[in-house]
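The values are calculated or read from the model by the stated rules, or taken from the named source; none is laboratory data. Predicted model, so just to flag it, every value in this text is computed and none were measured. Because the Cβ atoms are built from the backbone with ideal geometry, glycine has one as well, and the counts that use them run over all protein chains shown. For the accessible areas, the whole protein counts, side chains as well, though only heavy atoms, and no ligand, DNA or RNA atoms are used. Shrake-Rupley method; radii C 1.70, N 1.55, O 1.52, S 1.80 Å.
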Amino acid sequence: KTNLEMINSSKNIFGPRSTLNISSKDSLSGVKETFYRWNSGLFKKAVNSRVLFDDLEEGPNVLEFYSIDQVDNSEEFNKVTLRFDPTGPTVKSEIKGDSHLEGSNLILSSRSEIFLYAVDDLVEIESIDYSLNGLSYGKYEVSFRPPVQIGEFKMDFQAFDVIGNKSRLVSEKFVVDSKSPLTKLITEGPTYRRGPNVIWVNSNTRVALKSEDDISGVNSIFYKLDDNEDKLYSNSFTISGEGRHTFQYFAFDNVNNKEVVTPVLIVVDDTPPEIEGSFNRGEISTEVAVQDKNIKVYPLFTSLFLNAVDNSSKLKQIRYSINGSKMKIYKKGLLLEKSGNYSVIAEAEDNLGNISKEKIIFIVKSN
């Protein structure tokens, strides 16, 4: 009686690394020889009870075998259909979570999950082995995150089925980006800064946001003005409404790394300074001029002082012109050393370029 023993196989499926043994027993005269053949071909003698299958084609194959004893009693043919499977599993990886394809580089975030899969149509999967950056991590069991925070890493993996077939060795490279973008606030037009997060503008100043990310690239920029909802930034804009405004902005890159929110105080100032002129002496008289307006008369060597007040972006400079002369920057009081009629034009400019003008008319006479 001859029996088939299949080693490293699964049911009636075997592969190149399987072993087929046909062992025979005879209780009286003993076994003389055992023969086998594939697919109705020529019978071959089994050596050491082994069945060879070097030239076998993939798929179902019919194996027939029998033995004869020492007195030439022949066993009836044993016939069984076996499937030859020389093909290893199919493997693939899958990224769940943040990823972005940039040219030939697949960029992941440090939060991404890497899954490995293996499929075999005929037999079960034994294991998936993998290594990261050349270091073996053994058998894959659960998903894992990238082994680095920033930069490139390489992953190699291969699957084995239960009959010893192995898949092709797959090598993949990834780039990890755990760094968020960096956004700058840029103004186009009159601007005055006092510290990094306090900015004065006027209603014509355009506010622009520019963001950079050197790995996965910038995906989107958002901003929030006062108590409004977050808004997707597309183009530069102006801010109307004089006074203080809270402003926040942040960006996302292409693997959803979010920038820390930057808060800014933006003050809109369209109001020029208020000019004040004062004399260090009181008037000695008044005279009636054109249109019945009273013009004050001051004594010689009176000084005229110019001042301006700006409660927002603050005063930048005061300029003046006396009787149509070229404008000069005001630095100290104007000593009136000559008698005559005076027409002083005073200009005050704040740090945003808002300018106010004041015309001061008076007369200077000797005592």
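Across q = 0.10 Å⁻¹, region 253-367 modelled as identical point scatterers on its alpha-carbon atoms has Debye log10 I(q)/I(0) values of -0.42, in the order of the q list. Loop-located chymotrypsin sites (Phe, Trp or Tyr not before Pro) in region 55-99 (DSSP state not H, G, I, E or B) with no more than 15 neighbouring Cβ atoms inside 10 Å: Phe77. In straight-distance terms, cross-link reach from Lys365 covers every one of the aspartates and glutamates whose alpha-carbon lies under 19 Å from its own, apart from those fewer than eight places away in the same chain; here that gives Glu283, Glu287, Glu337. Between Thr246 and Ser356, what FRET efficiency follows from the Cβ-Cβ distance if R0 is 25 Å, with the result rounded to 0.05? With a Förster radius of 25 Å, E is 0.30.
Here region 131-204 is treated as a sphere whose radius is the Kirkwood value from Cα pairs; by Stokes-Einstein at 4 °C and 1.567 mPa s it diffuses with a coefficient of 74 µm²/s. Were the residues from Glu274 through Lys96 laid out at 0.36 nm apart, the gain over their Cα-Cα distance would be 57.8 nm. Projecting the Cα atoms of Leu335, Asn254, Leu42 onto the charge dipole of the chain, computed from C-beta unit charges around the Cα centre, puts Leu335 farthest toward the positive end. Amide H contacts of Ser23: Asn3, Glu5, each under 5 Å away and 5 or more positions distant or on a separate chain (H built 1.01 Å from N in the peptide plane; Pro and chain starts excluded). Under 5 Å between amide hydrogens, built in the peptide plane, is the criterion, and for Asn351 it picks out Lys314, Lys316 among residues at least 5 positions away or on other chains.
Once the C-beta distance of Ser127 and Ser27 is scaled by a Förster radius of 45 Å, the resulting FRET efficiency is 0.55 to the nearest 0.05. Checking (i) 22.0; (ii) 30.2; (iii) 24.5 against the coordinates, the calculated Kirkwood radius over Cα pairs in Å falls under label (ii). Surface composition of the chain: carbon plus sulfur atoms hold 47% of the accessible area, using a 1.4 angstrom probe and ignoring ligands, DNA and RNA.
Here the Karplus relation 6.51 cos²θ - 1.76 cosθ + 1.60, evaluated at θ = phi - 60°, turns the backbone of region 311-316 into coupling constants of 8, 10, 7, 6, 6, 9 Hz, with x for every Gly and Pro.
In order along region 232-242, phi translates into HN-Hα couplings of 6, 7, 10, 9, 4, 8, 10, 10, 9, x, 5 Hz, rounded to whole numbers, per the Karplus curve 6.51 cos²θ - 1.76 cosθ + 1.60 with θ = phi - 60° and x for Gly and Pro. Can you give me the Cα centroid spacing of region 242-258 and region 300-365 in angstrom? Spelled out, the Cα-based centre of one part sits 44 Å from the other.
Based on the Cβ-Cβ distance of Ser339 and Lys314, what FRET efficiency does E = 1/(1 + (r/R0)^6) give at R0 = 35 Å, to the nearest 0.05? According to the calculation, E is roughly 0.40. Remark on Lys44: its backbone amide H falls under 5 Å from those of Tyr36, Arg37, a criterion applied only to residues 5 or more positions apart or on other chains, H modelled at 1.01 Å from N.
Quick one: net charge around Val218, please, counting Lys, Arg +1 and Asp, Glu -1 for every other residue with C-beta under 14 Å from its C-beta. So the environment of Val218 carries a net charge of -3. For the residue pairs Lys314/Lys359; Lys184/Lys332; Lys332/Lys357; Lys96/Lys154; Lys11/Lys166; Lys154/Lys258, the C-alpha atoms sit more than 29 angstrom apart in Lys184/Lys332.
Restriction of the chymotrypsin sites (Phe, Trp or Tyr not before Pro) in region 262-332 to DSSP coil positions whose beta-carbon has at most 14 other beta-carbons within 10 angstrom yields Phe301. The phi-based Karplus calculation (6.51 cos²θ - 1.76 cosθ + 1.60; θ = phi - 60°) puts the 3J(HN,Hα) values of region 71-83 at 10, 6, 6, 9, 6, 5, 4, 9, 10, 8, 9, 10, 9 Hz, whole numbers, x for Gly and Pro.
Of the trypsin sites (Lys or Arg not before Pro) found in region 268-338, those in coil by DSSP whose Cβ has at most 14 other Cβ atoms within 10 Å are Arg281, Lys293, Lys326, Lys331, Lys332, Lys338. For region 90-139, a simple Cβ point-charge model (Lys and Arg +1, Asp and Glu -1, everything else neutral) yields a dipole of about 240 debye relative to the Cα centre.
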